[in-house]
Amino acid sequence: MADARLKDRYVVGRLPLAHNGMGEVWPARDTLLDRAVIVKSINPSLMDADLARRFRREALLTARLTHPGVPSVFDLGEHGGRPYLVLQRIEGIALSDLTAEQGRLPIAWVCAIGAQISSVLIAAERIGLVHRDLKPSNVMLEPSGAVKVLDFGLAAIHGDDRYSRITHTGQSLGTVGYMAPEQILGEPNDHRTDLYGLGGTLFHLLTAEAPFDGVTTMTTLRHQLSDPPPRPSQARLDTPAALDELVHALLANSPADRPASAVEVYDTLVPLVGPLPPIPGVVRDGIDAVRSYAAIVGQRPTPGDWPPSPRVDRPGPDPDHAASEAERLFLAGEFRAAARGWRQVGDHRAQQYGPDHALVFESRLRVARAHLALGEVDRALRQLDLLLQDRVRVDGPDHPATRELRQEVDSLRAATP
């Protein structure tokens, strides 16, 4: 592929940028439009007809995903019997390199990056596309503060498991430490598989460590399949409770225990995005990534409204009205929407009164009860356990509210098989 001229238009560089498992990534120049591009092709040592068909199919799937957080697909062709894909070239730094240089990222940046990734997953979920290899090295932060999710080379459409188990080379699809348990076990994948990868990525940004790490690949896999999901707060004490709970839930062993969709993750992360401190040498000074990247600001994205309009400063919602609306949704049986509503009320009250205020505790309790109503017992128990720990810390173990909550947790755990 070195120095090749593709379609008498794209001039490939002399040295590849990366060798990525089954593929190669080359710098190139689009001479027609005078711009830098990327050319991806199959590693020639692995080339066969089946892999070539799969490469073309996944290129077409990726091209269907139109989103500012995904590199644009410009062209697809074949050279010397090897298919290739021409992509937008992204300037920036991979999140894995960013943490290697900077260490743990500020909480605001973790939430801003996570919200942007969530917005990409929302768009992918709408067309049934599953990335299946979401990890820090596959996400780049641009100088503007915007995020790009890279390498949909393992992508699949929901319901088509022809390539969801093992490749012809005998390698599992995904990356050890970040691939979901269902990938490890060769079980069907869906959008919740990507949520697991997002959880691992958020954990890495918060701690500068992988969520699961062993001396060998096999010990890492064993930890993923057997150990309870880690909590970033155990390694980083300033992790907000809502973020800690979110990452813990995203890394749940069973897909059923993870958030139902990327929308729920987005709704949790966006309120946690505060002022973004500068990242010297990475993000240009004076850029507010939240306001420069429309996909993570404003109203929650809905079909037919993408991207949402940028947020403007205005008074926040009346928390009492929002609480009444959440209660109405709960009584109407809209438990998922009620949980989101109560979570947002809790975030607003925490900003207004502090995280240990009784009204914040009440909001968190109602979130857990909404998840109980959804049948998500394990998730509700995790939330209640966190709430109980905070109750003991603030009010003491013998406070009536603490005892009442402990009784509720004990009763729920006793009734759970």
Is the range 191-212 home to any residue that is surrounded by fewer than 17 Cβ atoms within 10 Å (Cβ to Cβ) and in a helix (DSSP H, G or I)?
no
Quick one: is residue 45 out of contact with any Asp or Glu (no Cβ under 8 Å at 6 or more places or on another chain) and assigned by TED's automatic domain parsing to the domain that holds residue 134?
no
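If you take the residues of the range 50-77 that are assigned to a strand (DSSP E or B) and touching a residue at least 24 places away in the same chain (Cβ under 8 Å), which of them is farthest from the chain's Cα centre (by Cα)? Let's see the steps before the verdict.
Filtering the range 50-77 down to residues assigned to a strand (DSSP E or B) leaves 73-77.
When the remaining residues are screened for being touching a residue at least 24 places away in the same chain (Cβ under 8 Å), the result is 74-75, 77.
Numbers: 74: 25, 75: 27, 77: 31 Å.
So, considering only residues that are assigned to a strand (DSSP E or B) and touching a residue at least 24 places away in the same chain (Cβ under 8 Å), the one farthest from the chain's Cα centre (by Cα) is 77.
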Which members of the range 213-229 meet the condition of being surrounded by 15 or more Cβ atoms within 10 Å (Cβ to Cβ) and polar (S, T, N, Q)?
220, 224
Looking at the range 405-417, which of the residues that are more than 13 Å from residue 385 (Cα to Cα) and not small (Gly, Ala, Ser) is surrounded by the most Cβ atoms within 10 Å (Cβ to Cβ)?
416
Please verify whether residue 347 is surrounded by fewer than 18 Cβ atoms within 10 Å (Cβ to Cβ), modelled with pLDDT under 85 and either in a helix (DSSP H, G or I) or in contact with a strand residue (DSSP E or B) (Cβ under 7 Å, 6 or more places away or on another chain) (or both), treating the condition exactly as stated.
no
Residues located in the range 179-214, provided they are free of Cβ contacts under 8 Å to residues at least 60 places away in the same chain, closer than 24 Å to residue 115 by Cβ and of a type in the set (Gly, Ala, Ser)
199, 210
Out of (1) surrounded by fewer than 16 Cβ atoms within 10 Å (Cβ to Cβ); (2) among the hydrophobic types (A, V, I, L, M, F, W, C); (3) at pLDDT 85 or above; (4) closer than 17 Å to residue 59 by Cα, the one residue 127 does not meet is (3)
Conditions (1) in a helix (DSSP H, G or I); (2) charged (D, E, K, R); (3) over 17 Å from residue 210 (Cα atoms) -> residue 91 fails only (1)
Quick test of your reading of the structure: residue 22 fulfils all but one of (1) closer than 20 Å to residue 136 by Cα; (2) modelled with pLDDT of 80 or more; (3) outside the structural domain of residue 144 (by TED's automatic domain parsing); (4) hydrophobic (A, V, I, L, M, F, W, C). Name the failing condition by number.
(2)
Given the conditions (1) under 17 Å from the mean Cα position of the chain (by Cα); (2) closer than 16 Å to residue 201 by Cα, report the number of the one that residue 93 does not fulfil.
(1)
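The values are calculated or read from the model by the stated rules, or taken from the named source; none is laboratory data. What you are looking at is a predicted structure, and each value in this text was computed from that prediction instead of being measured. When we count neighbours, we look across all protein chains shown, and the Cβ atoms used for this are built from the backbone with ideal geometry, even at glycine.
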